[in-house]
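Shown next, in structure tokens, is the structure this report addresses.
The values are calculated or read from the model by the stated rules, or taken from the named source; none is laboratory data. On a predicted model such as this, the values are computed, not experimentally measured, just so you know. Positions of Cβ are generated from backbone atoms using ideal geometry, with glycine treated the same way; all protein chains shown enter the neighbour counts. Heavy atoms of the whole protein, side chains included, go into the accessibility calculation; ligands, DNA and RNA do not. Shrake-Rupley method; radii C 1.70, N 1.55, O 1.52, S 1.80 Å.
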Amino acid sequence: MTIANWARYGLAATLATAAGGVLIYRRKPGINHDAAPARSARHRRRFGDYRVTGATVTIRATPEQIRACWQGNAQLWPALEYLPFPEGNQPDLLLPPSELRDMASRPLLTRIVAEREDELIAWRSEGEGHADMHGRLRFRDNGAKGTAVEVIMAVRPHHFASAWKTEAMMAEALELGLLRDLRRMRMLIETGEIATARMRPDAA
Amino acid sequence: MRAATFQGKGDIDVRQMPDPAIVNPRDCIIEVTSTAICGSDLHLYDGVIPGVEKDDILGHEFMGRVVATGKESTLEVGQRVVVPFTIFCGQCFHCSEQRYSNCDNSCPVEDQEVAEKAFGHPMAGMFGYSHLTGGFAGGQAEYVRIPYSDVVPLVVPEDIPDERLLFLSDILPTGWMAALNAEIAPGDTIAVWGCGPVGLFTILSAFQQKAGRVIAIDGVQGRLDMAEQLGAEPVNFHETDILDALKQMTGGIGPDAVIDAVGMEAHGFAIDNIADRIKQTVGIGQDRAHVLRQAIMACRKGGRVSVPGVYGGKADLFPLGAMMQKGLQLRTGQTHVRRFTAELLDLIERDVIDPSFLISHRLPLDEAATGYRNFRDHQDEWIKVVMHP
């Protein structure tokens, strides 16, 4: 076999291997059905073009009390990083918290689109913000431990939205920020205050 | 105010720091009357606990008098209190089950993530014990801000001196919980590794909880002497093969329960400990778990393993096979101090126990650096250091 043949067959073999690999990769079942939330999948934490992320905590309170805190506790709102909160005059309009507010010149306004008492509040961004965002708060009875509160956000950044960090970084920050937000909400509901190690009110 | 601050590994300095003030409604401020250096402070001093920053105020064993209260505090100015080292909210799921050191709410949110990565879940806040536990200013200072003052501090009687009450803040309940975790049945034989302050209070607690025999293991003769005075049978690991001795002393069965009151900085020239020390020094190992390994190997079949000693990372060569094959149970955890304080205060008030026997040195706060250095380097004489700001 000549060197030219070797090159020809070698190239063909390489291409065949690559094509086979792609086929095997594409035929690999994505996520088997199991009881885990979809957002905890190892790969493909996506729904179409949307990146899905979220967090869960259990709060020793009823869904009604948790909802009341989210809707009416002015001490909570400045502490939120990523969880939108209701605007006073229009209860179905949600304002962006600090991190989302600072990311772009145009605020990302969201509006409540579905509510099921003691179970779910869902919202969706509106207008020409820097991203398309869907979110929901879901309440689930967690027995004697309280109410499990889950927040899920699905985000699709608009192309070339310069204010956004890279998508992966954004998703990571969003997940961490949502967990922090839920934990601050739990602190306020359960203890009446947000824990701090500051030695003085004016300390950093 | 003056406070003992961390300036780097092995470097403690008393410096002028800002006075604390009320931040949250449930806070109070206390003026510290007595504070102690704990064996676990030495883990910070030695730089083996991560998350300690320059100018952090140390100290988690302290008591004092209330000088200011927030509007939701139930304390009154002038009341005398002992402050548990674990900060807890009193309302979360864990607090509702009296697992105060597992409190979900007391560690500031922004300090929860490192511990969550390291341990799977965030920890409760603690005074003066690194930013893994919230970065709260500690009690080796003139004043301290106490969060959740309606539930955390223990109000104590006026007629009992500080030195008999101070250890309710940590080491006395820690020894008590260590003995409880060993599930002692009347007449049981218990082996306790480490005769430092926690080990000695563990021995005291084991006898209070009806142990028949306590075997105390250490390498410092002065501490073994104190253990013997409490009724324990001392064994010096420098002179004795511990596993062989424990088998001989228990008729070949082994102790019913073993208690590791040493933790992550085990001493001695055992091969595994030397390997741990080398790995720790070059940065490829974390905890030196020689004592825990030995305790598990020594424990009788079906026995209990209690671990009050502090561990902060991962341990190599953990004898999981021995745990499983012998059917051992392991119980551990930071102390849920406030769960035990009322019962222990009662024992002190009735003169059943007097924890002040432990104090070997009394110093002004300004000599904190001397206290730390000697407590670490001269363990034969410096058993427990109490400082008065």
Which of the residues spanning region B:85-98 are outside any loop (DSSP other than H, G, I, E, B) and either facing another protein chain (nearest Cβ under 8 Å) or of a type in the set (Val, Ile, Thr) (or both)?
B:THR86, B:PHE93, B:SER96
Hey, B:VAL52 away from every other protein chain (no Cβ under 14 Å) and assigned to a loop (DSSP other than H, G, I, E, B) or not:
no
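Conditions tested, residue by residue: (1) hydroxyl-bearing (Ser, Thr, Tyr); (2) under 19 Å from B:ILE49 (Cβ atoms).
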residue: B:VAL258; (1), (2): no, no
residue: B:ALA261; (1), (2): no, yes
residue: B:MET264; (1), (2): no, yes
residue: B:ALA275; (1), (2): no, no
residue: B:THR281; (1), (2): yes, yes
residue: B:GLY285; (1), (2): no, yes
residue: B:VAL291; (1), (2): no, yes
Helices (runs of 4 or more DSSP H) enclosed by region B:302-389 - at least 1 residues per element that are touching a residue at least 40 places away in the same chain (Cβ under 8 Å)
B:337-349, B:368-377
Filter result (within 22 Å of the chain's Cα centre (by Cα), in a loop (DSSP other than H, G, I, E, B) and under 18 Å from B:ASN236 (Cα atoms)) within region B:261-284:
B:ALA261, B:VAL262, B:GLY263, B:ALA266, B:HIS267, B:GLY268
So B:ALA322 passes all but one of these: (1) under 30 Å from B:SER34 (Cβ atoms); (2) at pLDDT 95 or above; (3) not polar (S, T, N, Q). Which condition number does it fail?
(1)
Could you list, in sequence order, all residues of region B:15-38 that are more than 13 Å from every other protein chain (Cβ to nearest Cβ) and open to solvent by 30 Å² or more (accessible area, probe 1.4 Å)?
B:ARG15, B:GLN16, B:GLU31, B:THR33
Of the conditions (1) over 21 Å from the mean Cα position of the chain (by Cα); (2) touching a residue at least 40 places away in the same chain (Cβ under 8 Å), B:VAL77 clears all except one; give me its number.
(2)
All positions within region B:9-26 that are closer than 15 Å to B:GLU53 by Cα and out of contact with any helix residue (DSSP H, G or I) (no Cβ under 9 Å at 6 or more places or on another chain):
B:ARG15, B:MET17
Across (1) polar (S, T, N, Q); (2) crowded, with 21+ Cβ neighbours inside 10 Å; (3) over 15 Å from B:ILE57 (Cβ atoms); (4) within 11 Å of another protein chain (Cβ to nearest Cβ), B:SER101 clears everything bar (4)
What are the residues in region B:146-188 that are closer than 16 Å to B:ASP260 by Cβ and among the β-branched types (Val, Ile, Thr), if any?
B:ILE171, B:THR174, B:ILE184
Do we have B:VAL82 as more than 9 Å from chain A (Cβ to nearest Cβ), in contact with a Gly (Cβ under 7 Å, 6 or more places away or on another chain) and assigned to a strand (DSSP E or B) here?
no
When the residues of region B:112-132 are filtered to those that are in contact (Cβ under 8 Å) with a residue 40 or more places away in the chain and over 22 Å from B:ALA342 (Cα atoms), which remaining residue is farthest from the other protein chains (Cβ to nearest Cβ)?
B:ALA118
Identify, by number, the condition in (1) open to solvent by 70 Å² or more (accessible area, probe 1.4 Å); (2) modelled with pLDDT under 95; (3) not basic (Lys, Arg) that B:MET297 doesn't meet.
(2)
Any strands (runs of 3 or more DSSP E) falling wholly within region A:96-204 and containing at least 1 residues that are at pLDDT 90 or above, open to solvent by 30 Å² or more (accessible area, probe 1.4 Å) and touching a Ser or Thr at 6+ places or on another chain (Cβ under 7 Å):
A:120-125, A:131-141
